[in-house]
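Comments concern the structure below.
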Amino acid sequence: MNKATWFVTAALSIAVAGTAKAGSATANLNISATVSSNCTISTSAVAFAYDPVVANSASGADVTGTGGVTVQCTKGDTHAVSLNFGQNVITTTQRRVKSGLNYLNYNLYTDNTYATLWGDGTSLTQTVSFGPFTSSATAITSTVFGKMLKGQDAPIGSYTDTVIATVNF
């Protein structure tokens, strides 16, 4: 071994020997995650076509319409959806659409028998349960059944109301 090689080898040996450790220690690093309850809600309108002269006159028939409420929540969640009584409410069991100073009475129901009012769970109304959600990527839609009673003598107009659908989570 020549002198230059010997010096390089000696320098490397000293450097390696200088980095040797006398012992070691370990510690656990804990990892956690929290999945929170979360939901989205959307609606599709209930639209009525009311004919007070023939189809929906006193001797005619009630008019019905459907809309929807769609809820998407965290997997495993179950929540109830309430509907408020709208902007033109008479009582907690009678909603109205309005055009100027004129009104048409209607109501919203949980099913097509029109027996159970969809509301906030008070005053003879029920909320509708959604879930349990089997996937956070899957939305559940429930039909909103609307009925407007026959025999309302309403003038021409565009009648509206806004009902707020709420899911609490």
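What the table shows:
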item	result
Test set (1) farther than 30 Å from residue 153 by Cα; (2) modelled with pLDDT under 95 - residue 41 fails condition number	(2)
Number of positions in the range 149-169 that are under 27 Å from residue 76 (Cα atoms) and not in a loop (DSSP other than H, G, I, E, B)	3
Any hit, the range 65-75, residues being part of a loop (DSSP other than H, G, I, E, B), closer than 30 Å to residue 35 by Cβ and either acidic (Asp, Glu) or in contact with a Ser or Thr (Cβ under 9 Å, 6 or more places away or on another chain) (or both)	yes
Considering residues of the range 111-148 that are outside any loop (DSSP other than H, G, I, E, B) and hydroxyl-bearing (Ser, Thr, Tyr) only, the residue farthest from residue 42 (Cα to Cα)	125
Residues that are of a type in the set (D, E, K, R) and buried (at least 16 other Cβ atoms within 10 Å of the Cβ), drawn from the range 63-91	77
Matching residues in the range 122-135 - criterion: being among the small types (Gly, Ala, Ser) and at pLDDT 95 or above	129, 135
Condition met for residue 49 (farther than 24 Å from residue 160 by Cα, surrounded by fewer than 16 Cβ atoms within 10 Å (Cβ to Cβ) and among the aliphatic types (A, V, I, L, M))	no
Filter result for the condition that a residue is hydrophobic (A, V, I, L, M, F, W, C), farther than 23 Å from residue 55 by Cα and either modelled with pLDDT of 95 or more or in contact with a helix residue (DSSP H, G or I) (Cβ under 7 Å, 6 or more places away or on another chain) (or both), over 140, 90	140
Subset of the range 84-110 (residues that are closer than 19 Å to residue 65 by Cα, touching a Phe, Trp or Tyr at 6+ places or on another chain (Cβ under 6 Å) and not in a strand (DSSP E or B))	110
Of residues in the range 129-163 being surrounded by 13 or more Cβ atoms within 10 Å (Cβ to Cβ), hydrophobic (A, V, I, L, M, F, W, C) and more than 12 Å from the chain's Cα centre (by Cα), the one farthest from residue 86 (Cα to Cα)	154
Residues within the range 92-110 that are of a type outside the set (S, T, N, Q), exposed (fewer than 14 other Cβ atoms within 10 Å of the Cβ) and free of Cβ contacts under 8 Å to residues at least 40 places away in the same chain, tallied	1
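The values are calculated or read from the model by the stated rules, or taken from the named source; none is laboratory data. This one's a predicted model, so the numbers in the text were calculated from it and none came from an experiment. Positions of Cβ are generated from backbone atoms using ideal geometry, with glycine treated the same way; all protein chains shown enter the neighbour counts.
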